[in-house]
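Before any comments, here is the structure.
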2 protein chains.
Amino acid sequence: MNPDITRERKNATFDVEKLTYILDGGPEKTKRRREIESLVFSDPDFSEEDPNFLSRSDRYDQAVRKSAQMILKLREYGIADPEEIYCYKKCVHPDRAEPLDLHLGMFLPTLLNQATPEQMDRFFMPAWNLEIIGTYAQTEMGHGTHLRGLETTATYDPATQEFVLNSPTISSIKWWPGGLGKTSNHAIVLAQLHTLGNCHGIHAFIVPIRDMSTHIPLPGIVVGDIGPKFGFSEVDNGFLKLENVRLPRDNMLMKYAKVEPDGTYLKPPSAKLTYGTMVFIRSLIVGESARALSKASIIAIRYSSVRHQSEIRAGEPEPQILDYQTQQYKLFPLLATAYAFTFVGQYMRETYQRISGDISNGDFSQLPELHALCAGLKAFTTWTTNAGIEVCRMSCGGHGYSRSSALPDIYVEFTPACTYEGENTVMMLQTARYLLKSYRQAKDGQQLSGTVSYLNDANLQRVQPQTVAARPTVVDVNDLSSLVEVYKQRAAILVEMAAKSIQQELQHRKCQEDAWNNSSIDLVRASDAHCHYVIVKLFTNKLGEIGDTAIHSVLSTLALLYALHGIKNNSGDFLQAGLLSVPQVLQVSVRVKELLSQLRPNAVALVDSFDVNDKRLNSVLGRYDGNVYEHLFEWARRSPLNATEVHESFHKYLKPLRSQL
Amino acid sequence: MNPDITRERKNATFDVEKLTYILDGGPEKTKRRREIESLVFSDPDFSEEDPNFLSRSDRYDQAVRKSAQMILKLREYGIADPEEIYCYKKCVHPDRAEPLDLHLGMFLPTLLNQATPEQMDRFFMPAWNLEIIGTYAQTEMGHGTHLRGLETTATYDPATQEFVLNSPTISSIKWWPGGLGKTSNHAIVLAQLHTLGNCHGIHAFIVPIRDMSTHIPLPGIVVGDIGPKFGFSEVDNGFLKLENVRLPRDNMLMKYAKVEPDGTYLKPPSAKLTYGTMVFIRSLIVGESARALSKASIIAIRYSSVRHQSEIRAGEPEPQILDYQTQQYKLFPLLATAYAFTFVGQYMRETYQRISGDISNGDFSQLPELHALCAGLKAFTTWTTNAGIEVCRMSCGGHGYSRSSALPDIYVEFTPACTYEGENTVMMLQTARYLLKSYRQAKDGQQLSGTVSYLNDANLQRVQPQTVAARPTVVDVNDLSSLVEVYKQRAAILVEMAAKSIQQELQHRKCQEDAWNNSSIDLVRASDAHCHYVIVKLFTNKLGEIGDTAIHSVLSTLALLYALHGIKNNSGDFLQAGLLSVPQVLQVSVRVKELLSQLRPNAVALVDSFDVNDKRLNSVLGRYDGNVYEHLFEWARRSPLNATEVHESFHKYLKPLRSQL
């Protein structure tokens, strides 16, 4: 054990293990998680070569091998609880996407939700037993977020009682679905349904794409891998071009909408039913943001505690880089953010569970708010995490660029979350739409509840951003509930400003849609402020649940840092609205510095509490024992370029060059 | 040619070609650049497989092949001007680092600067003719920026008149030098010189590391590749462990410092002589920031002009995504930044040339300011560019993640610039040191000149950040010279605030060094504001040189957007200092939106003016002709995973799995 990191741990003021329980949701959850981790990490069938040393094809090969093993072992151990499966999977493929993700996460659930009993009989058990391996093909090369824009067609032919599927243009080729390129033999394809001369919009079809026995693509199917990406090297994201592919009528998923043998179309009873899955996945992504940022913080903070560099005082030994204020200022707000997002993730999961209970009882009343909140928080947390991982990486100096640090991989595996499951700017605008609707309702005298209830106040106590000096500043920058209040007011003001911008645009001859577009900068900003408020509030609420004094104290410091750092970074908003005075903003800067010093002795313990197994972290810089340099050297020597002492290019190009010069 | 992009070009209000001349520095420079590009891009010897489809070893192999060809052809064509060599090289290896970078950029120049005439005879011509291939080994595994911390030792043995070189610890292993792992047979090694019982600090030694004929590592040399990184896959960044390596006395570079045969040490005459190279390289990096951000903007803006998505008005066809205000707000400020950095890069190059003239005449007076400015601008421009590339990438939706977009590669090849040649935070603090020194000089009544002369005013017209309302706000947010003034005042105030923070720390019992560290957040912020001011000022100055009315008009719009966007993003600073009033800040937001609309018709033409050859850009999304989808499909089909219809993993793992379930 590195002596620096040992000393850090001795200096901690709280019990690391107890904080881990809080993060996991209880000691029994921690225990079970560790059991599952140990099942995977002690299993030689899951040992692997560092993917960074492999070619793309070998990475894919290794991932398929491990996924196949995973399926076997999950059944062998009888692990069936979705959370436990998720945990097991995240250890087998340490926080990497894998070839069966869409089969398990989209194909099977879509069958469960949208297949008729007859279709369940035909498809579910074969899919459960991996005879059918499926994916979910929605996105097209030219069309993403906007479902109505999809071009793939499924035209019903009553003569043969078949659908004819086509990709009529290049831009209509299905593009991106995971597992589509090489792994799957079936795909749920979303296509525009045409029957009896009418188009009825997007519907889902089960399309066999490869021969069940030979795995060779079927006639009319052009399928393959879309090529290397930023990350996701284990996954065969694929393309699919359909050329007059004929499909029996009962391959359309017909639990809700139906096409009768004669071609008559029957509408689905409700459109809200597919809503829930989206909400669920987005709330999961909030948790994944927390996980990615936690991992990046662990690596950067542990490494900063063992790395010595330069000098603070002349003549003294090089200090730990964690002693530099600039380093603390990079890392501790991100550490606080990782905690904030973890608690927000917990809240979202619980809320989802509560509300899905309501939904199954037919009560959809909470869904719009949850939907709006998920969209915004998904965008807010992924953007913050995306930038934060890179700050952590660059805070490790040169070694942060080495693949051995794991930071490049954490980044490239995480960054797609800013785009998939709803592009972030689109997400922010969805939240804004809900905020604006709520704002108008409050103005019309409706009493709002839930996270937007502050818009009731906004209506009463009309805010005038211009009159800075007029507003009484009663904010106590050391009091979290006071800060929650000020974040709330900021959100209210920015929602109102966005609403006014739309109004002004309408007055300037613009139609409603152009007014919306011309105000979208303000709308995104309002959503951002709303999410920021919700996060500060949830973090503060969480403190109320913490009984342990030492842990309560250190988490309060983190929460305060989170809130004040956010104010410092957005001080223009708070000053502009007259919510804080200039001396208060200066005071915030001073307090932030004090909080950094205050957190310094607990920094390593706070990342230890995340309790990420070394094998899952897979970072030479972030090792629990702090023995960085030996393992960096050992890792480098395994680089494929060191397989031979002399690379063949010397004999091929460099030596012959001499005689030519 | 895609009809959307054709229409965009028709709508431009200025002559693209003329703006290219301005960016290149004159029509003759444009002409010569295009000649060189055509030499490379029409040369079949430089054709290559997309590196994204190759293994690491094959990427390295391809790069060595091309580098060897490059050396031959540069001599064949008689290209000898350093700027032309640079241009040629950047086409051969399109903006990628390559294995001979350090040989050409560090080994040869270091010989020229620090070798004795006898050493020049022994080493220079063999190195010029690639018999000797060298690198520059400074950084160690445990030591980067802080030269005094290096651990490698060179101990003089008078008995044999040799130096004995050692890597006494794991952390002292040389780490990172480009070309060290596999390519080089020599290294200039920086080591602590010990002679006659005394240590004289860091000196440079020419160390043979591989046999000239067999290329096998020499005895006592442990050398290899440091393994895969985030980017730089073509380069064999290496490690070097020295185990009692004996070196003749005259392998120490002795143009300045010397060790006599008996071991007597002779000091170098001046320490400032190595200063210049650093300044030169950092000023080059400013230009590289501009280039990288230009490329990212080209790709994102061209793609946004041909990509259609979602809807603004219900029922109408999907609009070009460049019509979304949020998309404009992401991209146009970055476009403006790319222009700003290009002009700053031009200024730095000219200034360097002017000042190096002075230096060779023995006049070092301008060097400290240039040194400080380079450090800060290197950090400011690389950080901004680093974040900006990712904004561009994510603005392209899913396809931005595809390696075919080139955006992932632009990012990973660029991001090391935030760390190499001086870690950015360290750079910012170097600039701050100069600013604080200047501030104190001004306070002591000295009259400052150059970029820091504003600190003279600050001294007279003492600034009180607290008294917001008291400051007369005479800023015209539509007038660039007025905005330059307000950026200047912001910088002055932030320098003063940092100075005050240090003072306060000193009053609280802190020593000078701790006071500095405890103020370093403020110091970085002051440097940042200083750099921002310089950039706004240089962009504004540049407008004065533009004769063409149409170009002057569009560049003025860009400059105004750059300045106002910076104010919007840092509005807290301006409000806090009372430099702008709340209504003015609101006005800035409104103006920013107007400027986005104003730039919209010229966006594509403005990126066309960067005139980056399609082969150099190498992006399916950024193609000049806008025919994105056909080429995306064509590229994907070449993915190595599509070499076979059925991947072997199906037969190895997936098919056998069925019988086990």
(Q) Can you report the number of residues in the range A:219-269 which are of a type in the set (Lys, Arg), more than 18 Å from A:Gly134 (Cβ to Cβ) and more than 14 Å from chain B (Cβ to nearest Cβ)? (A) 4
Q) Which one of the conditions (1) open to solvent by less than 40 Å² (accessible area, probe 1.4 Å); (2) out of contact with any Leu (no Cβ under 9 Å at 6 or more places or on another chain); (3) at pLDDT below 95 does A:Leu193 fail to meet, given that it meets all the rest? A) (3)
Q: Would you be able to tell me the number of residues in the range B:177-190 that are away from chain A (no Cβ under 14 Å) and touching a helix residue (DSSP H, G or I) at 6+ places or on another chain (Cβ under 9 Å)?
A: 3
Q) How many residues are among the acidic types (Asp, Glu) and loosely packed, with under 15 Cβ neighbours inside 10 Å when one looks only at the range A:20-34? A) 1
Q.
Residue under question is A:Glu98, and the condition is that it be surrounded by 21 or more Cβ atoms within 10 Å (Cβ to Cβ) and part of a loop (DSSP other than H, G, I, E, B); does it hold?
A. yes
Q.
Given the condition within 14 Å of chain A (Cβ to nearest Cβ), surrounded by fewer than 21 Cβ atoms within 10 Å (Cβ to Cβ) and within 29 Å of A:Ser304 (Cβ to Cβ), answer yes or no: does some residue in the range B:109-125 qualify?
A. no
Q: Tally the residues that are facing chain B (nearest Cβ under 9 Å), in contact (Cβ under 8 Å) with a residue 24 or more places away in the chain and part of a helix (DSSP H, G or I), restricting the search to the range A:569-596.
A: 7
Q. In the range B:408-433, which residues are open to solvent by less than 20 Å² (accessible area, probe 1.4 Å), over 16 Å from the mean Cα position of the chain (by Cα) and within 8 Å of chain A (Cβ to nearest Cβ)?
A. B:Pro408
Q: Look at the range A:521-558 and say how many of its residues are farther than 30 Å from B:His565 by Cβ, hydrophobic (A, V, I, L, M, F, W, C) and within 22 Å of the chain's Cα centre (by Cα).
A: 2
Q. What about B:Ile206, is it crowded, with 23+ Cβ neighbours inside 10 Å, away from every other protein chain (no Cβ under 14 Å) and not polar (S, T, N, Q)?
A. yes
Q) Got a number for residues in the range A:597-638 being away from chain B (no Cβ under 14 Å) and polar (S, T, N, Q)? A) 3
Q: Out of the residues in the range B:473-509 that are charged (D, E, K, R) and within 11 Å of another protein chain (Cβ to nearest Cβ), state the one that is farthest from B:Ser589 (Cα to Cα).
A: B:Glu505
Q: Kindly check whether there is at least one residue in the range A:281-298 that is touching a Ser or Thr at 6+ places or on another chain (Cβ under 8 Å) and either free of Cβ contacts under 8 Å to residues at least 24 places away in the same chain or of a type in the set (Phe, Trp, Tyr) (or both).
A: no
Q.
Which residue is farthest from the chain's Cα centre (by Cα), if the candidates are limited to the range B:325-359 and must be within 14 Å of chain A (Cβ to nearest Cβ) and open to solvent by 40 Å² or more (accessible area, probe 1.4 Å)?
A. B:Tyr329
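Here's the yes/no breakdown for (1) of a type in the set (A, V, I, L, M, F, W, C); (2) within 30 Å of A:Leu580 (Cβ to Cβ); (3) buried (at least 22 other Cβ atoms within 10 Å of the Cβ):
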residue	(1), (2), (3)
B:Tyr562	no, yes, yes
B:Ile567	yes, yes, yes
B:Asp573	no, yes, yes
B:Val604	yes, no, yes
B:Asn627	no, no, no
Q) Would a scan of the range B:59-82 turn up a residue that is away from chain A (no Cβ under 14 Å), surrounded by fewer than 18 Cβ atoms within 10 Å (Cβ to Cβ), modelled with pLDDT under 95 and assigned to a helix (DSSP H, G or I)? A) yes
Q. B:Gly181 versus (1) farther than 21 Å from A:Leu657 by Cβ; (2) surrounded by 17 or more Cβ atoms within 10 Å (Cβ to Cβ): which is the lone unmet condition?
A. (1)
**Q.** Criterion (under 27 Å from A:Thr381 (Cα atoms), β-branched (Val, Ile, Thr), open to solvent by less than 50 Å² (accessible area, probe 1.4 Å) and within 14 Å of chain B (Cβ to nearest Cβ)) met by exactly one of A:Ile551, A:Ile535, A:Ile546, A:Ile521
**A.** A:Ile521
Q.
Anything in the range B:126-168 that is within 11 Å of chain A (Cβ to nearest Cβ) and open to solvent by 50 Å² or more (accessible area, probe 1.4 Å)? List them, or say none.
A. B:Trp128, B:Glu131, B:Thr145, B:Leu147, B:Arg148
Q: For residues that are within 14 Å of another protein chain (Cβ to nearest Cβ) and at pLDDT below 95, scanning just the range A:281-314, find the one that is nearest to A:Pro109 (Cα to Cα).
A: A:Gln309
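The values are calculated or read from the model by the stated rules, or taken from the named source; none is laboratory data. All figures in this text were calculated on a predicted structure; none of them were measured in a lab. No Cβ is skipped: glycine too gets one built from the backbone with ideal geometry, and neighbour counts run over all protein chains shown. The accessibility values were calculated without ligands, DNA or RNA, using every heavy atom of the protein model including side chains. Shrake-Rupley method; radii C 1.70, N 1.55, O 1.52, S 1.80 Å.
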